[in-house]
Amino acid sequence: MSTYDEIEIEDMTFEPENQMFTYPCPCGDRFQIYLDDMFDGEKLAVCPSCSLMIDVVFEKEDLTEYYEEAGIQPPEAMAIAA
């Protein structure tokens, strides 16, 4: 499976209200990937309008600031608290 491009997490737009990262797709839509999916190890952001995908470059530790921005806890922190 090949990807259209590799994009650094810092170059993507984070939408805290729905915990999603987006990036413009050449087709005019946006690549999308959810914060929790990335926390679970997913690195491919897909475009809902075409077949293109991008590989998102990040470290799991990078996600902490985005959870804070969204005002929620990472999944493992919730499991520990339960």
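The values are calculated or read from the model by the stated rules, or taken from the named source; none is laboratory data. These numbers come from a predicted model, not from an experiment. Positions of Cβ are backbone-derived with ideal geometry, glycine not excepted, and every protein chain shown enters the neighbour counts. Just so you know, the surface numbers come from the protein's heavy atoms only, side chains and all, with ligands and any DNA or RNA stripped out. Shrake-Rupley method; radii C 1.70, N 1.55, O 1.52, S 1.80 Å.
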* Among the residues of the range 20-42 satisfying the criterion of being touching a strand residue (DSSP E or B) at 6+ places or on another chain (Cβ under 6 Å) and under 20 Å from E69 (Cα atoms), which is most open to solvent (accessible area, probe 1.4 Å)? -> Y34
* Structure fact -> Within the range 27-51, residues of a type in the set (A, V, I, L, M, F, W, C), assigned to a loop (DSSP other than H, G, I, E, B) and in contact (Cβ under 8 Å) with a residue 24 or more places away in the chain come out as C27, C50
* When only residues in the range 43-65 that are open to solvent by 30 Å² or more (accessible area, probe 1.4 Å) and in contact with a helix residue (DSSP H, G or I) (Cβ under 8 Å, 6 or more places away or on another chain) count, which is nearest to F14 (Cα to Cα)? -> D62
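Residue under question is E69, and the condition is that it be without any contact (Cβ under 8 Å) to a residue 12 or more places away in the chain and open to solvent by 30 Å² or more (accessible area, probe 1.4 Å); does it hold?
So E69 does not fit the description; no.
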* Name every residue in the range 1-10 that is part of a loop (DSSP other than H, G, I, E, B) and either among the hydroxyl-bearing types (S, T, Y) or closer than 17 Å to K60 by Cβ (or both), in order of residue number. => S2, T3, Y4
* For the range 11-26, does any single residue satisfy the condition of being modelled with pLDDT of 95 or more and in a helix (DSSP H, G or I)? -> yes
